[in-house]
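Below is one structure, written out as structure tokens; the observations come after it.
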2 protein chains.
Amino acid sequence: MAEFSIISRYFQSLTPQNINVGIGDDCAIITPPAQMQLVSCVDTLIAGRHFPLNTPPHAIGWKSVAVNLSDLAAMGATPHSILLALSLPDIDEAWLAEFSRGIADCCQKYGVQLIGGDTTQSPTLSISITALGWIKPDQAILRSGAQVGDIIVVSGKIGSAAYALRHPHSPLQHTLDYPEPQVALGQALLGYASAMLDISDGLAQDLGHILDDSAVGALLNLEQIPVADELAQLDLNTRMQLVLAGGDDYHLCFTISPDNLKKFKQQHAFELYSIGTIQQQQTCLYQYQQQVFHPQILGYQHFAKASD
Amino acid sequence: MAEFSIISRYFQSLTPQNINVGIGDDCAIITPPAQMQLVSCVDTLIAGRHFPLNTPPHAIGWKSVAVNLSDLAAMGATPHSILLALSLPDIDEAWLAEFSRGIADCCQKYGVQLIGGDTTQSPTLSISITALGWIKPDQAILRSGAQVGDIIVVSGKIGSAAYALRHPHSPLQHTLDYPEPQVALGQALLGYASAMLDISDGLAQDLGHILDDSAVGALLNLEQIPVADELAQLDLNTRMQLVLAGGDDYHLCFTISPDNLKKFKQQHAFELYSIGTIQQQQTCLYQYQQQVFHPQILGYQHFAKASD
């Protein structure tokens, strides 16, 4: 089957009419809304590395879209469309049908449209998705805006996906297979949060990006980080390894002034957990029940055998 | 080395100041020019499939950008920026330095900016690039506009890259390693050409897309298709296999009315070759020196062992 057969059979129906040119020409064409900036990102999922080899294809499709929408959410952007670069070892029509259904389900839930793609043969199953979205000029919530005295907030329980990866068929499996990008929360935080990102590589490493880019430090109260019941039963070190370095959470982590947090909570009902504060001294200190805690952790490294 | 180290060390310098947010945050942000449509595409290059394993990394970088700019050129769009999804078996700093230099050189030649990326580890070297560009509303040259009586034109010698693939170290090697996307020609043809695409999978298969999408046929005069001296010396069938089914040409193939072609040539000095005409009957007929020719060809198939 040629590339264009795959794309037209499995994916063309995802292109709706309000796209100027969708799948089937050299490029897609869309009309930007007036006075909006274009927000774009790309994320790749490699079989056996970003998801277990036995992950159901519907979940692979869902997750491939979700992790990119999570990046858009982390800016406060409104998602619009995706382009799909799919590399497959061979053509398995049942697999493709399920995979494309997973793509479509996530796109539909978040009002996103597939506008273009490229399919090719490769020894390694790999899905690279580019997500496009819109935001009002100079509204995006960057990593660099955290201020001393801001509160550090996360949008949900942390470490669940990492637990599921290590405990197959646990009740937390769905958090690994079907992450829910916090798109509505990201947009609601425009004008409130001072810095934001999504937690994909582990809370410690990702929060570190905010601290580095904002030239500040943090004090984290580990007992305030929300966890699922399965994690609460683990010993402290094992739990903190999953919470701080597990990755694949796709919750938002943001900083916000105490005043703004109070106002935001009065107007919005999102699940939010305050886990620490931004400090002047440029290190990240961990406390557990008022005691200093020294976790032995490393965030997710994209190259496992890294030399530095 | 973590992902963000690779991106910041090798690629951050490619992000210039006129991007609102470039490499280093969750997403990139750019401001669309007023009254322009966004043109986007994605193409993946897999090592050993889209380029020989011994291809110099500088050429891999160049070609990864060029094939995507060629898709933008095929719409008549003005390229603006790219996002890079790079999957690597391991970190080879010399390789990365050369690869990123190839990316930068192609970007610089065509005025394009790298605004985002994702680097991850994979058993297979794979480069997936998303290209973004702009075009005035309803100006794009689609595949579907060919009219009966139009002339079929190509922008340069065809089959050279396919020859080079089969004859390593030939004088045509640079056409395989360093394709030149026809960006200026694509833009100049706005308002003149009726249908257009770039020849990536072989002239016969790619022209077939124009014919299918426009519901027309063609008569091709094979002796009018320009070839390099190396191909002119081959027997007719071997030559036509390379010309019609070789792929990797990255020249433009377009249709244009005789009147428009005359006007265009009066105003522009681009290298152009008329190779046939659009016919009403929906087949593609090949002639060689006024004789009907039946080539045994197939365009590049993205899945080699396809079942249909």
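Cα-Cα pairs above 20 Å in the range A:198-276: how many percent?
Working: 1143 of 3081 pairs.
Tail of the P(r) past 20 Å holds 37 percent of the pairs.
I'd like the projected area of the range B:150-293, averaged over all directions, using the convex hull of its alpha carbons. Report it in nm² with one decimal.
If you wrap the Cα atoms of the range B:150-293 in a convex hull and average its projections, you get 8.4 nm².
Label position 7 Å from Cα toward Cβ: report the copy-to-copy distances for A:Gln280 in nm, one decimal, ordered from shortest.
8.5
Using a 7 Å offset from Cα along the direction of the beta-carbon, what are the separations from A:Gln139 to the same position in each other copy, nm, ascending?
For A:Gln139, the inter-copy label distances come out at 2.9 nm.
If you average 1/r over all unlike Cα pairs in the range A:44-103 and invert the result, what Kirkwood radius do you get in angstrom? Please report the intermediate quantities before stating the final value.
Working: mean 1/r = 0.0806 Å⁻¹.
Kirkwood hydrodynamic radius for the range A:44-103: 12.4 Å.
In percent, what relative contact order does chain A have, based on Cα pairs under 8 Å that are 6 or more apart in sequence?
On the way: 679 pairs, mean separation 66.5, N = 308.
That works out to 22 percent.
What is the distance, in nm, between label points placed 7 Å from the Cα along the Cα-to-Cβ direction at A:Gln291 and at A:His169?
3.7 nm
Using the C-alpha gyration tensor of the range B:3-135, what are the square roots of 5 times its eigenvalues, in whole angstrom, with the largest one first? Don't skip to the answer; put the middle values down first.
On the way: eigenvalues 113, 59, 29 Å².
Equivalent ellipsoid semi-axes, largest first: 24, 17, 12 Å.
Return P(r) of the range B:43-200 (all Cα-Cα pairs; 10 Å bins starting at 0; whole %; ordered from short to long distances).
10, 37, 33, 16, 3, 0
How large is the Rg to Rh ratio of the range A:205-250 when both quantities use alpha carbon positions and Rh follows Kirkwood? The partial results should precede the final answer.
Details: Rg = 12.1 Å, Rh = 11.9 Å.
Ratio of gyration radius to Kirkwood radius: 1.02.
Relative contact order for the range A:150-293 using alpha-carbon pairs under 8 Å, separation at least 6, rounded to a whole percent?
Numbers: 269 pairs, mean separation 65.7, N = 144.
Averaging sequence separation for qualifying contacts and normalising by length gives 46 percent for the range A:150-293.
Sequence-distant or interchain residues sharing an amide H contact under 5 Å with A:Met75, placed H: which?
Amide H to amide H, under 5 Å and 5 or more residues apart or across chains, A:Met75 pairs with nothing.
Please give the net charge around B:Gln279, taking every other residue with its beta carbon less than 15 angstrom from that of B:Gln279, where Lys and Arg add +1 and Asp and Glu add -1.
Details: positive: none; negative: B:Asp150, B:Asp212.
Neighbourhood net charge equals -2.
Only helical DSSP H runs with n ≥ 4 go in: add -39500 (n - 2.57) per run for chain B, normalise by residue count and round the 222 nm mean residue ellipticity to 500 deg cm²/dmol.
Numbers: 10 runs with 92 residues, N = 308.
Helix contribution divided over all residues of chain B: -8500 deg cm²/dmol.
Mind listing the phi-derived Karplus ³J(HN,Hα) values for the range A:197-202, rounded to whole Hz, using 6.51, -1.76 and 1.60 with θ = phi - 60°, and x for any glycine or proline?
Computed from phi, the couplings for the range A:197-202 are 7, 9, 8, 10, 10, x Hz.
In whole Å, what is the distance between the alpha-carbon centres of the range B:117-181 and the range A:122-199?
For the range B:117-181 versus the range A:122-199, the Cα centre distance is 36 Å.
Percent relative contact order of the range A:3-135, based on C-alpha pairs within less than 8 angstrom and at least six residues apart? Each step should come with its number before you reach the end.
On the way: 250 pairs, mean separation 51.8, N = 133.
Reported as a whole number, the value is 39 percent.
For the range B:150-293, what is the charge dipole size about the Cα centre, in debye to the nearest 20, if Lys and Arg each add +1 at the Cβ and Asp and Glu each add -1 at the Cβ? Provide the component values of the computation, followed by the final result.
Working: 6 positive and 16 negative charges, 73 e Å.
Roughly 340 debye for the range B:150-293.
Count, for each residue of B:109-117, the Cβ atoms from other chains sitting within 10 Å of its Cβ, then give me the mean as a whole number. Intermediate values should be presented prior to the final figure.
Details: counts 0, 0, 0, 0, 0, 0, 4, 7, 4.
Counting other chains' Cβ atoms within 10 Å and averaging over B:109-117 gives 2.
Put the label 7 Å from Cα along Cα→Cβ for B:Asp229; what are its distances to the other copies, in nanometres, shortest first?
Label-point separations across copies, in nm and ascending: 8.1.
Once you average over the residues of A:79-88, how many Cβ atoms of partner chains fall within 10 Å of each Cβ? Can you show the working numbers first?
Values: counts 0, 1, 2, 1, 8, 2, 9, 3, 9, 2.
Average neighbour count from other chains, rounded to a whole number: 4.
Mind checking which of A:Gly159, A:Gly133, A:Gln147 is farthest towards the positive end of the range A:83-168's charge dipole, using Cβ charges of +1 (Lys, Arg) and -1 (Asp, Glu) about the Cα centre?
Going by the charge dipole, the pick is A:Gln147.
Ignore the peptide's own chain and count Cβ atoms of other chains within 10 Å of each Cβ in B:197-204; give me the average, rounded. Before the final figure, lay out the partial values.
Details: counts 2, 1, 0, 1, 3, 0, 0, 0.
Across the residues of B:197-204, the mean count of other-chain Cβ atoms within 10 Å is 1.
Sorted from fewest to most neighbouring beta carbons within 10 Å, what does the list B:Leu69, A:Leu142 look like? Walk me through the numbers on the way to the answer.
Numbers: B:Leu69 31, A:Leu142 23.
Placing the least packed residue first, the sequence is A:Leu142, B:Leu69.
If you take all C-alpha pairs in the protein assembly as shown, what percent of them are over 50 Å apart? It would help to have the intermediate numbers written out before the result.
Details: 26645 of 189420 pairs.
Roughly 14 percent, once rounded to a whole number.
List the residues, sorted by chain then number, that are 5 or more residues from A:Tyr110 or on another chain and whose placed amide H is less than 5 Å from its amide H.
Excluding prolines and chain starts, which carry no amide H, there are no hits.
With 28 Å as the limit, write out which pairs from A:Lys109/B:Lys63; A:Lys136/A:Lys263; B:Lys109/B:Lys136; A:Lys136/A:Lys157; A:Lys63/B:Lys136; A:Lys109/A:Lys136 have Cα-Cα distances beyond it, or answer none.
Numbers: A:Lys109/B:Lys63 36 Å; A:Lys136/A:Lys263 22 Å; B:Lys109/B:Lys136 23 Å; A:Lys136/A:Lys157 30 Å; A:Lys63/B:Lys136 35 Å; A:Lys109/A:Lys136 23 Å.
Long pairs (Cα-Cα over 28 Å): A:Lys109/B:Lys63; A:Lys136/A:Lys157; A:Lys63/B:Lys136.
Averaging over all projection directions, find the projected area of the Cα convex hull of chain B and quote it in nm² with one decimal place. Write out the running numbers ahead of the final one.
Working: hull surface 68.2 nm².
Over all viewing directions, chain B projects a mean Cα-hull area of 17.0 nm².
Just so you know, all these numbers are worked out from the coordinates, no wet-lab data involved. All values derive from a computational prediction rather than experimental measurement. Note that we place each Cβ from the backbone using ideal geometry, even for glycine, and neighbour counts take in every protein chain shown.
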